[in-house]
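J.: After the structure tokens below, expect a handful of questions from me.
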Number of protein chains: 2
Amino acid sequence: MSPDVTGPAGRNGTLYVVSTPIGNLGDVTLRSLEVLRAVALVAAEDTRITRRLFARYEITTHLVPHHARNEEATTPALLAHLRAGRDLALVTDAGTPLVSDPGAALVAAWAAEGGAVIPVPGASAVLAALVASGIAGPRWSFEGFLPRRGRERRERLARLAADERTAVLFEAPGRLAATLADLAVACGDARPAAICRELTKLHEETLRGSLGTLAAAAAAGTIDRRGEVAIVIGERPAGQARSVHLERVAATGIAEGMPGPPPADPGELLAGLAAARAEVARLVADGVARGEAARRVAAATGLPRRRLYDAPDAGSA
Amino acid sequence: MSPDVTGPAGRNGTLYVVSTPIGNLGDVTLRSLEVLRAVALVAAEDTRITRRLFARYEITTHLVPHHARNEEATTPALLAHLRAGRDLALVTDAGTPLVSDPGAALVAAWAAEGGAVIPVPGASAVLAALVASGIAGPRWSFEGFLPRRGRERRERLARLAADERTAVLFEAPGRLAATLADLAVACGDARPAAICRELTKLHEETLRGSLGTLAAAAAAGTIDRRGEVAIVIGERPAGQARSVHLERVAATGIAEGMPGPPPADPGELLAGLAAARAEVARLVADGVARGEAARRVAAATGLPRRRLYDAPDAGSA
């Protein structure tokens with residue numbers, strides 16, 4: 001084997017990356033309980049939360065906190081523990097420790113040393129949402145949380161619109177209505193979507209509809225606002241056009257404010273502007289302040305906000 | 001709530017979508033065992049495989065086959081079962097029933113009727129590979145199997161090269177070397193990657209390296225060829241250029257054989273051709289027949305195959 005290809009070194013400890021429940025404490029695997037009992041040490045994002053799981057299943061393994069605020073300080077000691085040939089399990093508050101989760105740096109560092117990283121699979125909020133949605137296609141992406149504002153948000157929305165695959169996003173309940181409105185503008189009202197709340201818990205709920213109807217429901221306040229939400233965007237139906245302006249951003253990488261060639265057909269851009277203004281009117285009719293509505297549509301389309309202020313009233317849209 | 005937004009209807013049966021182990025039979029959750037025992041019926045991709053799980057955990061629920069070859073015929077009866085108010089669990093041979101798996105049509109149909117679809121989370125080969133890789137970024141995509149040849153394969157490779165996110169692919173062991181070679185050409189030799197085999201099983205193995213070193217290892221036959229493989233492609237390192245030709249394909253949607261504008265800088269295209277020829281030479285040096293090497297590099301780059309035949313010998317590359 002090439003010396004540049006690294007695999008388990010053998011004598012070191014093993015880093016078990018253990019999935020834990022995302023709500024229902026019954027969503028724990030038999031092997032995860034065995035591993036959590038057998039290892040010398042468990043690094044946990046929030047030891048209070050993990051203690052609840054340990055109490056339920058009578059696990060007494062020593063817990064050390066390992067989270068975003070201390071991981072730089074604690075990673076060297078955990079690596080030393082592994083190098084000394086002792087096993088370690090990593091858990092987060094919920095689900096499969098991975099991306100955006102504390103511990104990713106530890107896993108990457110141990111993997112880079114050629115250490116053994118053993119996944120102990122189990123619950124994941126991403127996969128649970130894909131399953132519950134009933135609309136997942138054969139290929140899909142996980143997008144995490146969208147940036148809250150600005151050019152980064154516009155670029156990510158444009159990419160989502162340009163991608164015909166299923167996507168999973170997370171959103172805080174207080175921002176759900178704004179994000180659904182932006183998604184509806186970016187990806188089109190008709191694109192199928194689902195909203196999953198409290199998966200695996202008592203009040204588990206999945207709502208399905210088009211992005212337009214879900215955005216309208218959220219704007220009208222008819223979607224329960226408790227708990228973090230997973231948004232699943234279905235595949236783009238064949239032949240469904242994306243927003244004209246976004247098509248242009250995606251194809252040329254040129255967004256608002258950047259110099260660039262005009263679109264091929266000025267009529268198409270006008271059609272995109274008309275659609276964006278209609279969306280502003282719809283939001284205003286739903287009770288959103290005009291300035292806020294213009295901001296949201298501008299964020300989703302990349303069109304200049306000032307071009308959206310002179311939107312017609314809802315009655316004439 | 002808008003009538004276009006659908007949620008659980010209440011009196012119907014519940015469709016539990018139950019994750020099962022991907023290798024290690026201990027990767028089963030307490031709740032999945034409860035659900036599989038409690039439902040009236042379990043629809044299984046291969047009842048012989050599910051019977052092994054049932055035997056291990058002393059589950060005696062009635063099993064009916066529901067797989068790719070019979071799902072059109074069996075879906076109506078399963079929907080009727082649910083409509084009659086009886087619960088149903090859906091399992092596949094391994095992992096989380098979803099995309100590309102039998103049963104997706106049943107889930108979509110029941111969701112479209114507003115039926116309750118309850119995920120019972122557990123093992124997933126996609127997430128296990130992301131975790132084991134140690135190189136997953138905060139956003140990622142699942143690409144399934146690449147098309148085996150032709151324009152579809154070229155387009156998917158070009159998209160992977162154009163995407164800076166982490167991606168997970170599956171591949172059959174006999175095609176691993178060819179796919180890694182194509183990925184190295186498309187995404188660049190230096191892009192970090194991992195190959196996961198037999199995850200959760202006794203001979204679990206994760207190899208990490210650059211796409212170039214992993215492709216070379218696979219071509220040299222030093223990677224075990226048993227069992228299906230997950231390939232994880234890490235995030236594109238900041239500043240790392242993609243293959244020049246792919247950059248053009250991604251930006252313009254123009255691939256081999258399609259009329260289109262020349263690249264901005266002919267020198268860049270020549271550089272891409274030189275790199276592609278060097279890759280052909282490398283493959284030939286690794287023992288791949290020249291015609292096959294040219295085919296692979298053509299597939300990965302979109303460059304005409306005949307331009308690649310006159311590649312220099314490995315000694316002069």
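J.: When you scan the stretch B:49-69, do you find a residue that is assigned to a helix (DSSP H, G or I), among the small types (G, A, S) and closer than 30 Å to B:E143 by Cα, even just one? Before you say what the answer is, go through the steps one by one.
T.: Let us first name the residues in the stretch B:49-69 that are assigned to a helix (DSSP H, G or I), namely B:49-56.
Okay, now just the ones that are also among the small types (G, A, S), so B:55.
From what is left, the residues that are closer than 30 Å to B:E143 by Cα are none.
The answer is no, given that none of the residues of the stretch B:49-69 is assigned to a helix (DSSP H, G or I), among the small types (G, A, S) and closer than 30 Å to B:E143 by Cα.
J.: Here's another thing I want to ask about it. Restricted to the stretch B:96-120, and to residues that are touching a residue at least 12 places away in the same chain (Cβ under 8 Å) and in contact with a Pro (Cβ under 8 Å, 6 or more places away or on another chain), which residue is surrounded by the most Cβ atoms within 10 Å (Cβ to Cβ)?
T.: So the residue we want is B:T96.
J.: Here's something else I'd like to know. Which pairs do you get when a residue that is within 14 Å of chain B (Cβ to nearest Cβ) and at positive phi, found in the stretch A:25-54, comes within reach of a residue that is modelled with pLDDT of 95 or more and part of a helix (DSSP H, G or I), reach meaning Cβ atoms under 8 angstrom, with the pair 6+ apart or on two chains?
T.: none
J.: Any residue at all in the stretch B:190-208 that's surrounded by fewer than 24 Cβ atoms within 10 Å (Cβ to Cβ), on the phi < 0 side of the Ramachandran plot, in a helix (DSSP H, G or I) and not charged (D, E, K, R)?
T.: no
J.: Hey, A:A158 hits all of (1) assigned to a strand (DSSP E or B); (2) among the small types (G, A, S); (3) closer than 22 Å to B:F142 by Cβ but one; which does it fall short on?
T.: So the condition that A:A158 fails would be (1).
J.: Shifting gears a bit: Which members of the stretch A:179-189 meet the condition of being in contact with a Gly (Cβ under 8 Å, 6 or more places away or on another chain) and either buried (at least 24 other Cβ atoms within 10 Å of the Cβ) or facing chain B (nearest Cβ under 9 Å) (or both)?
T.: A:A184 - this is the single residue of the stretch A:179-189 that is in contact with a Gly (Cβ under 8 Å, 6 or more places away or on another chain) and either buried (at least 24 other Cβ atoms within 10 Å of the Cβ) or facing chain B (nearest Cβ under 9 Å) (or both).
J.: Sticking with this structure for a sec: Consider B:A241 against the criteria (1) at pLDDT 60 or above; (2) touching a helix residue (DSSP H, G or I) at 6+ places or on another chain (Cβ under 9 Å); (3) not acidic (D, E): it satisfies all of them except one. Which criterion is unmet?
T.: Against the list (1) at pLDDT 60 or above; (2) touching a helix residue (DSSP H, G or I) at 6+ places or on another chain (Cβ under 9 Å); (3) not acidic (D, E), B:A241 comes up short only on (1).
J.: I'd like the full set of residues that are of a type outside the set (A, V, I, L, M) and within 30 Å of A:K201 (Cα to Cα), limited to the stretch A:72-115. So that I can check it myself, show each step before the final result.
T.: First pass over the stretch A:72-115, keeping only residues of a type outside the set (A, V, I, L, M): A:72, A:74-76, A:81, A:83, A:85-87, A:92-93, A:95-97, A:100-103, A:110, A:113-115.
Scanning the stretch A:72-115 gives A:T92, A:D93, A:G95, A:T96, A:P97, A:S100, A:D101, A:P102, A:G103.
The values are calculated or read from the model by the stated rules, or taken from the named source; none is laboratory data. Predicted model only: the values in this text are computed from it and were never measured. As a convention, Cβ positions derive from the backbone with ideal geometry for all residues, glycine included, and neighbour counts pool all protein chains shown.
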